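Below is one structure, written out as structure tokens; the observations come after it.
The values are calculated or read from the model by the stated rules, or taken from the named source; none is laboratory data. All of these numbers come straight from a predicted model, not from anything done at the bench. Keep in mind that these areas ignore ligands, DNA and RNA; they rest on the heavy atoms of the full protein, side chains included. Shrake-Rupley method; radii C 1.70, N 1.55, O 1.52, S 1.80 Å.
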Amino acid sequence: GDRTGSRYVDVMDNTAGPFDGRFNPGFSNAVTTFMINPFIKYDGLEFFGTYEDANGRKWSETDTRNATQLAGDLLYRFGSNENFWVGVRYDQVKANIGTSATPVNVTINRIAGSLGWFLTDNIMAKAEYVDQQYKDFPIGTIDNGGQFNGVLIDAAIGF
């Protein structure tokens with residue numbers, strides 16, 4: 001999951017919050033979740049996956065709803081210290097954002113390709129192309145028919 005916020009700030013929402021471009025199923029009560037994150041590395045080839053199944057509800061709801069995330073990153077690292085990479089990421093979320101009386105099942109698909117460079121062990125720079133689509137969201141919501149694509153240039157320092 002993308003729990004620290006989104007790199008796609010202000011793309012689908014003009015409120016400039018830290019979680020623009022990130023989906024929240026709105027669970028606040030009776031939340032149960034299962035997640036597995038496999039990681040496989042062979043030489044410079046890496047796979048990192050996410051499978052998450054979450055059930056929960058809002059305080060005002062009596063029945064639980066479901067949200068499922070399936071994601072995979074495939075990277076190839078190269079260079080003398082494997083400090084460069086080329087990669088692709090796919091992420092899909094399917095969730096019920098309605099109620100038991102009026103279920104609304106939505107889907108979000110994101111695919112991204114990236115080129116990156118670890119300048120040092122804790123400084124990274126990348127260029128990414130992303131395409132994200134929102135499907136089956138209710139009419140009148142900002143996500144109805146929503147989609148975006150474009151290039152992101154990003155750098156991060158980690159400690």
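Could you name the lysines whose alpha carbon sits less than 26 Å from that of residue 58, not counting residues in the same chain fewer than 8 places away?
Once the sequence-local lysines are set aside, what remains near residue 58 is 94, 135.
Using a cut-off of 18 Å between alpha-carbon atoms, which aspartates and glutamates can reach residue 126, once sequence neighbours fewer than 8 places away in the same chain are excluded?
Hits, sequence-local ones excluded: 2, 46, 73, 82, 154.
Relative contact order, percent, of the chain when contacts are C-alpha pairs under 8 Å separated by at least 6 residues?
This gives 14 percent for the chain.
If you project the alpha carbons of the chain onto their three principal axes, what span does each projection cover, largest first, in Å?
58, 32, 26
Could you tell me the relative contact order of region 26-69? Use alpha-carbon pairs under 8 Å, at least six residues apart, and round to a whole percent. Kindly include the intermediate steps, with their values, before the conclusion.
Working: 78 pairs, mean separation 17.7, N = 44.
RCO, region 26-69: 40 percent.
For the chain, what is the accessible area per residue in Å² when the probe is 1.4 Å?
61 Å²
Could you tell me what percent of the accessible area of the chain is made up of carbon and sulfur, with a 1.4 Å probe and every protein chain present?
Ligands and nucleic acids excluded, carbon and sulfur give 59 percent.
With bins 10 Å wide starting at 0, give me the P(r) of region 94-159 over every alpha carbon pair, in whole percents.
19, 32, 23, 19, 7, 0
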